[in-house]
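Report on the structure given below.
Where a number appears in this text, it was derived from the coordinates with a stated rule and is not lab data. Computed from a prediction, not measured in an experiment: that's the story for all the values here. Here the Cβ positions follow ideal geometry from the backbone for every residue, glycine too, while neighbour counts run over all protein chains shown.
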Amino acid sequence: MAILLCIFHITRINASVPIILTDDTEEWSVTRSYVDYWEDKSANLTFSEVLRIAEDGKSFKTSTAQDLLNTRASSAYWLKFKIINPTTNEKGYLIEMFDFDIDEISFFYPDSNGVYNEDKAGFNTSFSSRKIGHKNVSFPIAFRSDTAVTVFMRFRSESLNLMEPIIRSYARFIKYGLNEYIMFGIFYGLLLLMIFYNILYFIILRSAYYLYYVSYALAVTIFFLTRSGIGFQYIWSNHPGFNIYLPFVSLFICTVSMLQFFIDFFELKKNASNVYRLFRILIYFRIFCFFIQLAFPPLEYMFLLDLICYQIAFYYGIHIYRAGNNSAKWFVVGFSLLNFTGVICFLESVTLIPSNIFSVYAINAGVIFQLMFLSICIAEKVRQLYAEKNAVQANLILQLEQNDLLREKVNRELEERVKERTLELNKAKVELERRAEENQKMNIALDLANNKLQKHLSAFAQSVVMNTHVDFEAFKKAYPDDLSCMRYLLDLKEKNGFFCKMCGNTRSIKGKAKFDMRCAKCNYNESLTANTIFHRTKFSLQKAFYMLYLVSQTRTDIPASELSRMLELQSITCQNFKNKILSRMQVLKKVNKSKVMDWDLLILDKEFIV
């Protein structure tokens, strides 16, 4: 009866309806009908000041709007609601906020002595300061059974948030939280698995679109870590400033990576230059907007630009698929599912469909499906590339086989022609050899005839020289050089026969030098001038011949000075050889008793003549 009277008194004084817990209550949504609120436009009042304002019963009032929202970012909003606990059990309760990205939240609750305590949390506060380690801001409610308490909550945030807490029992909170965290584990596990999978493929295949896919998937992972509060709880707990920049930085990377993936994967630069230029303009414009966001982080509705970029990519994906690119089919399917789940989340956010775990997290499933179908899209393209490569290889192998057959045919024809040509060449060779043999015989006969003719001509010239007085120039016609003189000496010695002065052998062979004669028995080498008047002569053999001719045949009294002038030799050389000639002539005169000197006898020593 006392509790009912208390409820009647409260409802008369305040417009809001108190929250009455029962033994069966597991959760209670604190909507606008249960809450009185007040807007602190200065955002500077303390709790004690607000408490005095609340006591006058005029400032705090029930909201007439459908949802409790912080419509002004510069204001602080205060909520006041009463909780009556007539239960007899000791079930514990807590207050949880669904919007985890509220910048500042303060919870004021009275203790057993009526003194209010304050718990603080929020996106701008270190996560480690929270009493309950959950991604959503949660505060424990400390009150005994069969009691009634009035609690206050203060909200301040740059973003638009729903200020409707929910009261949950610990059992309900744990059950709900476990299911939610299991779902997050599966979600992020699948994301990391696809990232790792495509990193391996990038390392193996070195295709740029794998790198853009990994960049896109990593950015998506970071974005959802920021929007779910999981990242703040487990990764950057002591760095609340990351909560401001990471959402739009990761969204920027998502958009740019997706556009670049589209350009590279569908080869727009080669296949669609106009679409390529459009996508490059989108990328540059998005980069420009990103730097503006860095300067002004609270900029809202920038995500609409990303949405436009995604829809443009989706539209051209459909166009490419209709043009006959089969791999684009999976791209279109992935984006269709992402758009469908995005619509579900939008409808849930505007309360057109019920809010539950499926509608709230539909976009997560859409992202998983999109990334999965993008992987299938890449796999389909790789399959097509391998199919084209195999087809090219098959055509190449077929062409090589045809070339081999053609080469074998040509080789056979060439071999037959070579055999035929070889037979013809062999016949021609035999004929040429026969003709060459005949020509050789004719050449030998001609050489013999020419040699005889030369000898006759030489003999004739020599006879003319010997019977008439000629000068040195005319003498040269009979003996033009030293070589002709050497040949004459060789013929003269061969005509008179070889006689070895060492062993008396008469058979000779070719000697060391040209025109030398070697004894076939004792191997004694005899030079060409040995046993002749020219032996040990140090000047030209031709000049020695002419000097022998002058002194022996025409002028025995010719002076050495004249010989020196005519033959361009030293006078003493001419005098010595003249004396040798005269000495030889005296010997021959005693033997032959003739005034005419025989030319051959003058040249050869007496002992050599056989």
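Summary table
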{"read-out": "Cut-off under 5 Å, modelled amide H: who pairs with Asp40 long-range", "value": "Ala76, Tyr77, Trp78"}
{"read-out": "Approximate spin-label separation Ile235-Tyr197, in nm, with each point projected 7 Å along Cα-to-Cβ", "value": "2.1"}
{"read-out": "For Trp236, residues with placed amide H under 5 Å, excluding near neighbours", "value": "none"}
{"read-out": "Integer Hz, Karplus 6.51/-1.76/1.60 couplings in order for region 129-141, x for Gly and Pro", "value": "7, 6, 7, 10, x, 10, 4, 8, 5, 9, 10, x, 9"}
{"read-out": "Amide H contacts under 5 Å for Gly92, placed H, 5+ residues apart", "value": "Tyr170"}
{"read-out": "Val430, Val220 arranged by Cβ crowding within 10 Å, fewest neighbours leading", "value": "Val430, Val220"}
{"read-out": "The chain: calculated mean residue ellipticity at 222 nm from DSSP helix runs of at least 4, using -39500 (n - 2.57)", "value": "-20000 deg cm²/dmol"}
{"read-out": "log₁₀ of I(q)/I(0) at q = 0.09, 0.10, 0.11, 0.18 Å⁻¹ - region 179-390, Debye sum with one point per alpha carbon", "value": "-0.37, -0.46, -0.56, -1.47"}
{"read-out": "Farthest toward positive dipole pole in the chain [+1 Lys/Arg, -1 Asp/Glu at C-beta], among Ser336, Asn426, Cys522", "value": "Cys522"}
{"read-out": "Region 516-535 and region 266-326: distance between their alpha carbon centers, rounded to Å", "value": "109"}
{"read-out": "Lys, Arg +1 and Asp, Glu -1 on Cβ, resulting dipole of the chain about Cα centre, debye, nearest 20", "value": "5700"}
{"read-out": "Correct option for semi-axes √(5λ) of the Cα gyration tensor in Å [calculated from the coordinates] among [x] 41, 36, 24; [y] 143, 22, 18; [z] 136, 31, 22", "value": "[z]"}
{"read-out": "Degrees, to the nearest 10: 482-496 long Cα axis against longest axis of the chain", "value": "50"}
{"read-out": "Acute angle (nearest 10 degrees) that the helix 571-592 long axis makes with the longest principal axis of the chain, alpha-carbon atoms", "value": "40"}
{"read-out": "Between region 39-78 and region 375-437, the alpha-carbon center distance in angstrom", "value": "94"}
{"read-out": "Spin-label pair Leu205/Val350, simplified geometry with 7 Å Cα→Cβ offset, distance in nm", "value": "4.0"}
{"read-out": "Whichever aspartates and glutamates have a C-alpha closer than 16 Å to that of Lys61, once near sequence neighbours (fewer than 8 apart) are set aside", "value": "Asp36, Glu39, Asp40, Glu164"}
{"read-out": "Anisotropy class of region 57-149 from Cα gyration tensor, a/c 1.5 cut", "value": "oblate"}
{"read-out": "Between helix 208-228 and the chain: long-axis angle, C-alpha atoms, 0 to 90°, nearest 10", "value": "20"}
{"read-out": "Phi-based couplings in Hz for region 79-91 (Karplus 6.51, -1.76, 1.60; Gly and Pro marked x)", "value": "10, 9, 8, 10, 10, 10, 10, x, 6, 9, 7, 9, 5"}
